[in-house]
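What follows draws every value from the coordinates through simple rules; no lab data is involved. On a predicted model such as this, the values are computed, not experimentally measured, just so you know. A quick note on method: Cβ atoms are made from the backbone with ideal geometry, for glycine too, and the neighbour counts reach across all protein chains shown.
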Amino acid sequence: MPNPQNALHPGMYLQVKFTAIRGVSAVMIPSAALVIHNDGAYVPILDQQKRVHYSKVERGRDFGAEVEVLTGLKGGETVVVYPGDALLDGQQVDPVPAPK
């Protein structure tokens, strides 16, 4: 730490506050919507015709119940939670809203 006016002396304490500006905006999704394959992480999303499409995503921080998605989603998509192994890409589903 620069000390040009010798205001800080050995043995003194100071309090420092760091403010970080985050350059990446992330989308938050339920962890249960994340599907892990050998070639990466995917999130099943629904299109306008209620068909499932798997979108490859880049994960950010894991908060337990939720995960940051840095790339692969725009935000506002309808994601499928607990998709299971039998849910195929392009399959039509009847969505059920999440309980509030």
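Relative to the current alpha-carbon distance between residue 70 and residue 92, full extension at 0.36 nm per residue lengthens the span by 5.2 nm.
In summary, the lysines within cross-link reach of residue 74, defined as a Cα separation below 26 angstrom excluding same-chain residues under 8 places away, comprise 50, 56, 100. Near residue 59, once Lys and Arg are set to +1 and Asp and Glu to -1 for all other residues with Cβ below 15 Å from its Cβ, the sum equals -3.
Once Rg and Dmax of the Cα atoms in Å is worked out from the coordinates, which option in (i) 13.4, 39; (ii) 21.8, 70; (iii) 21.8, 63 does it equal? This structure yields the entry labelled (ii).
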